[in-house]
Structures are given as C-alpha cells and as structure tokens.
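Visitor: Starting off with a structure, shown below.
A short reminder: the numbers here are calculations on the coordinates, not readings from a lab. This is a predicted model, so every value here is computed, not measured. Using ideal geometry, Cβ is built from the backbone for each residue, glycine included, and neighbour counts are taken over all protein chains shown.
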Amino acid sequence: MIPVCFCVSTADVAIVEQCGKFDRIGSPGLNFYIWPCEMNVGTLSYRVQQIDVRVETKTADNVFLHAVVSVQFQVLREKVYDAFYALSNPKQQITAHM
C-alpha cells in the first residue's frame with residue numbers, strides 16, 4: 001500500500017472512496033489516501049454558483065414574455081454526500097424546475 005498526498009483548494013472539498021464506497025470528505029489543504037484501496041473520486045465547491053435560465057411566461061392579458069432568471073445556488077456543508085451522489089447534473093435539474 002502506498003500513501004498518496006493530494007491538495008484540495010480553498011472553498012472545495014474532496015470525496016474519498018475506499019474500495020468503491022464513500023469513506024470520507026477531504027477538507028481544504030493537504031490530504032492523504034492509501035492507494036490502491038482508497039481513491040479521490042471528485043471535488044465539490046462551496047462557492048456560490050450562478051446559472052442564467054431563459055423562461056417563457058404568460059401574462060394575465062395573454063401576452064407571452066421571455067425573461068432571463070438568474071439562479072444562485074451553493075452546496076451546504078452538511079449535504080456534501082447528497083450533492084455529490086444524488087445529483088447527476090445539478091445545473092440541468094435546476095433549469096428543468098424553472
């Protein structure tokens with residue numbers, strides 16, 4: 001087994017799996033995992049992100065209006081597991097709900 005170090009940027013977290021199963025969250029800074037049993041499978045950002053969604057709506061006098069709605073979202077610290085494993089494409093899912 002070989003210890004491997006990796007660095008996580010500020011305002012990000014790393015997802016570490018052991019034998020293909022979630023093991024822990026790597027905090028910003030220097031982290032280690034034991035290769036080949038563990039692996040860094042991805043990162044998530046805690047920063048506020050914004051997507052612009054073009055929507056079409058109908059007014060009371062039957063006029064269609066096109067507007068751009070800016071949606072800001074952020075991963076909650078206690079919901080990192082859900083954000084990484086439950087959401088396949090968060091931007092597309094937010095756009096679909098608009």
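Visitor: Of the residues that make up the stretch 85-95, is at least one without any contact (Cβ under 8 Å) to a residue 60 or more places away in the chain, surrounded by 10 or more Cβ atoms within 10 Å (Cβ to Cβ) and within 18 Å of residue 27 (Cα to Cα)?
Guide: No, there is no match, as no residue in the stretch 85-95 is without any contact (Cβ under 8 Å) to a residue 60 or more places away in the chain, surrounded by 10 or more Cβ atoms within 10 Å (Cβ to Cβ) and within 18 Å of residue 27 (Cα to Cα).
Visitor: For residue 31, state whether it is surrounded by 14 or more Cβ atoms within 10 Å (Cβ to Cβ) and in contact with a Cys (Cβ under 8 Å, 6 or more places away or on another chain). Give the derivation first.
Guide: Values: surrounded by 14 or more Cβ atoms within 10 Å (Cβ to Cβ): yes; in contact with a Cys (Cβ under 8 Å, 6 or more places away or on another chain): yes.
Here the answer is yes, as residue 31 does meet what is asked.
Visitor: Look through 69, 80, 16 and report the one residue that is touching a residue at least 60 places away in the same chain (Cβ under 8 Å) and out of contact with any helix residue (DSSP H, G or I) (no Cβ under 8 Å at 6 or more places or on another chain). Can you show your working first?
Guide: On the way: 69 fails: touching a residue at least 60 places away in the same chain (Cβ under 8 Å); 16 fails: touching a residue at least 60 places away in the same chain (Cβ under 8 Å).
The conditions single out 80.
Visitor: Next up: Among the numbered criteria (1) over 23 Å from residue 40 (Cβ atoms); (2) touching a residue at least 12 places away in the same chain (Cβ under 8 Å); (3) of a type outside the set (Val, Ile, Thr), which one does residue 64 miss?
Guide: If we test residue 64 against (1) over 23 Å from residue 40 (Cβ atoms); (2) touching a residue at least 12 places away in the same chain (Cβ under 8 Å); (3) of a type outside the set (Val, Ile, Thr), just (2) comes out false.
Visitor: Under the condition of being hydroxyl-bearing (Ser, Thr, Tyr) and in a helix (DSSP H, G or I), which residue from the stretch 40-98 is farthest from residue 10 (Cα to Cα)?
Guide: Across the stretch 40-98, the extreme among qualifying residues is 95.
Visitor: Right, here's the next one. Looking at the stretch 1-26, which of the residues that are part of a loop (DSSP other than H, G, I, E, B) and not hydroxyl-bearing (Ser, Thr, Tyr) is surrounded by the most Cβ atoms within 10 Å (Cβ to Cβ)? Before the answer, list the steps.
Guide: Here is the first cut: in the stretch 1-26, the residues part of a loop (DSSP other than H, G, I, E, B) are 1, 9-11, 19-20.
If we keep only those that are not hydroxyl-bearing (Ser, Thr, Tyr) as well, we get 1, 11, 19-20.
Working: 1: 8, 11: 11, 19: 9, 20: 8.
Applying the filter and picking the extreme gives 11.
Visitor: So in the stretch 35-76, with the set limited to residues that are in contact with a Lys or Arg (Cβ under 9 Å, 6 or more places away or on another chain) and exposed (fewer than 11 other Cβ atoms within 10 Å of the Cβ), which one is nearest to residue 4 (Cα to Cα)?
Guide: Checking each candidate, the answer is 68.
Visitor: Examine the stretch 24-42 for a residue that is out of contact with any strand residue (DSSP E or B) (no Cβ under 6 Å at 6 or more places or on another chain) and acidic (Asp, Glu), and state whether such a residue exists.
Guide: no
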